[in-house]
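Nothing in this text is a laboratory measurement; each read-out follows from the coordinates by a stated rule. The structure displayed is predicted, hence computed values, not measured ones. Here the Cβ is made from the backbone with ideal geometry for all residues, glycine too, and neighbour counts use every protein chain on show.
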Amino acid sequence: MAAKKSQQFDPVKTLAEIEEKFEMFQILNEEGEIVNEEANPNLSDEDLQELMRRMVYTRILDQRSISLNRQGRLGFYAPTAGQEASQIASHFALKKEDFILPGYRDVPQLIWHGWPLEQAFLFSRGHFMGNQMPEGLNVLPPQIIIGAQYIQATGVALGMQKRKKDAVAITYTGEGGSSQGDFYEGINFAGSFRAPAIFIVQNNQYAISTPREVQTAAKTVAQKAVAAGIPGIFVDGMDPLAVYAVTRDARERAIKGDGPTLIETFCYRYGPHTMAGDDPTRYRTSDIDSEWEKKDPLVRFRKYLESKNLWSEEKENEVMEQAKEEIKAAIKKADAAPKQKVTDLLGIMYEEMPFNVKEQMDIYKAKESK
C-alpha cells in the first residue's frame, strides 16, 4: 500500500491569499457615479445634503485655520483638506452618545460632535480653556502622542460595555500610528474582550515624510486586523458613501456585542503634515498631487448630488459664507479669552497641591503681580 503523500505548507502563498482578500471597498467612483448599488446606504436627500454641507464647511475651516496659523493667531495645526470623507462621513455614522478619541488631525469630528469652535482655537494656542469640554460632550482632546488614543479607546469601550451602554468608542490615527505598539495592544485587547470600539486608520499616504510603502511591508493596514481576530476593512477614503457605510455597519456590530472593527480609509492630505515647518514638496511630486486631486471627495460628492438635483453652486456659496462668518466670530471669542498665566496651570493641575508646586505657585504669583 502506497504511503500517503504529505502536504507541504506554503506560508508565502497563505499570506498572498490573505492580502488578496482585502480589496478596496467603494460605492462612489471619481466621476460621482454609483458603482456598487447593492452597498449604497441610501441616505435621505436631507442627509446627503447635510453631509455635503459639513464637508464643505470643514474645507473652509481648514483653509481659514491655515491662514490664521500663518498670521500667528493659531498655534499647532494639522491640515485636513483631502480627508473630509474619511473624517466627516465616518462621524456622520455616529450617535451623540458615542465617544470620540481623536488624533491631532481630527479636530473636525470633535467640532461636529459639539466642541465649540472657539475652544478648538484655544486648544491650538495651548490655552487650558480649550480642554475644558462642555458637560455631556463625549470626547477627549486631540491626542498628540502617536497611537496612544488606541489604548484609551479600548478602555473607554470596555467601560461602556460594563455599564451596558448602547454606544461605541471610536478612535483615529494615521498609517504612521499603526506602527506604534499602542496600536497593536489596543486592537488586540479590544478584540479579546469584544469591546464596542471602532478603530480608524486614515492612510493619507505619508507619515510626515515617510511614504506608506516604507511604513509597513503589509499591502494594507486593514489586514493587520487578522492578527487581532477582528474584522478589517480597506475602504476608499475619498468616497463619503463608502466610509459612512462601513462605519455605520461597524457601529451596528459593536452595539450587538460582536466586538471591534479596524477600518483603513485610503485617502490623501493635500497640505503639509502640520504647519510647524513641514514642506511636502520635498517628498511629494506635483504628479502625485495632481493624481489625488482628481479623487477629491468634495468634487466627487458634488457631482453625485448635482446629478440628483440636490446641490448647486448657490448652496455651496451659502455654506462657505456661513463658515467664514462663524469662524470669524469664533476667533474673536478666542481672542477675548483671559490671557493664560502660569498660576492658572499650576492651580488646575492637582486636587491637592504638592509642596514643591506650592513653592512654584508663590514664585509665579509674585512675578505676575508686578
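Of note:
- Relative to the dominant Cα principal axis of the chain, helix 148-162 is inclined by about 80°.
- Highest-fluctuation residue, D344, D47, D278 considered, GNM on the chain with Cα pairs under 10 Å: D344
- Cleavage-rule hits, trypsin sites (Lys or Arg not before Pro), region 255-363, DSSP coil, Cβ neighbours within 10 Å at most 10: K256, K339
- Shape box of the chain [Cα atoms, principal axes, largest first, Å]: 99, 56, 46
- Vicinal HN-Hα couplings computed from phi for region 177-193 (Karplus, 6.51 cos²θ - 1.76 cosθ + 1.60; Hz; Gly/Pro x): x, 6, 8, 7, x, 4, 4, 5, 5, x, 6, 5, 5, 5, x, 4, 9
- Around the Cα centre of region 75-227, unit charges on the Cβ atoms of Lys, Arg, Asp and Glu (plus for the first two, minus for the last two) sum to a dipole of about 360 debye.
- Modelled FRET efficiency - R0 56 Å, M361 with Q8, Cβ distances, 0.05 increments: 0.20
- Between T14, G103, G126, the Cα set farthest toward the positive side of the dipole of region 1-144 (charges on each charged residue's Cβ, about the Cα centre) is that of G126.
- Under 13 Å, Cβ to Cβ, from R194 - net charge with Lys/Arg +1 and Asp/Glu -1: +2
- Coupling constants for region 268-283 follow from the phi torsions by the Karplus curve (6.51 cos²θ - 1.76 cosθ + 1.60, θ = phi - 60°), and in residue order they are 7, 9, 6, x, x, 4, 9, 8, 8, x, 6, 10, x, 5, 7, 9 Hz; glycine and proline get x.
- Highest GNM mean-square fluctuation among I144, I88, I27, for the chain modelled with Cα contacts below 10 Å: I144.
- Cα lying deepest toward the dipole's positive end in the chain, options Q143, Q202, F266, charges on Cβ: Q143
- Sites matching trypsin sites (Lys or Arg not before Pro) across region 63-112 that sit in DSSP coil, with at most 10 neighbouring C-beta atoms within 10 Å: K96
- Counted charge near P272, where neighbours are those whose Cβ lies closer than 15 Å (Asp, Glu -1; Lys, Arg +1): +1
- In terms of its C-alpha gyration tensor, region 235-320 comes out oblate, because a/c is 1.5 or above while a/b does not outweigh b/c.
- Close amide H partners of I233, meaning residues 5 or more places away or on another chain with modelled amide H under 5 Å apart, are L262, I263, E264.
- Chain lengthening between D287 and K165 when straightened (0.36 nm per residue, less Cα-Cα): 39.1 nm
- Chain lengthening between E252 and E326 when straightened (0.36 nm per residue, less Cα-Cα): 23.2 nm
- Taking a sphere under 11 Å around the Cβ of R54 and counting the other residues whose Cβ falls inside, with K and R at +1 and D and E at -1, yields a net charge of -1.
- Residue by residue, region 358-367 carries 3J(HN,Hα) couplings of 4, 4, 5, 4, 4, 4, 6, 4, 5, 5 Hz when phi is fed to the Karplus relation 6.51 cos²θ - 1.76 cosθ + 1.60 (θ = phi - 60°); x denotes Gly or Pro.
- Rounded FRET efficiency, nearest 0.05, which uses the C-beta distance separating K339 from S44 and R0 of 41 Å: 0.30
- For GluC sites (Glu not before Pro), the sites in region 110-195 that DSSP calls loop and that have at most 15 other Cβ atoms within 10 Å are E135.
- Computed FRET value (nearest 0.05) for E30 with V214, which takes r as the C-beta separation and R₀ as 41 Å: 0.95
- Spin-label model, Y350 to E37: label points 7 Å out along the Cα-to-beta-carbon direction sit 6.8 nm apart.
- Whether region 110-164 is rounded, prolate or oblate, judged on the alpha carbon gyration tensor where a/c under 1.5 counts as rounded: oblate
- Distant-in-sequence amide contacts of G174, defined by a placed amide H-H separation under 5 Å and a gap of 5 or more residues or a different chain, comprise Q202.
- Taking a straight Cα-Cα cut-off under 16 Å and skipping sequence neighbours fewer than 8 places away in the same chain, the lysines within cross-link reach of K224 are K21.
- Cross-link partners of K365 among lysines, defined as those whose alpha carbon lies under 22 angstrom from its own and excluding same-chain residues fewer than eight positions apart: K339, K341.
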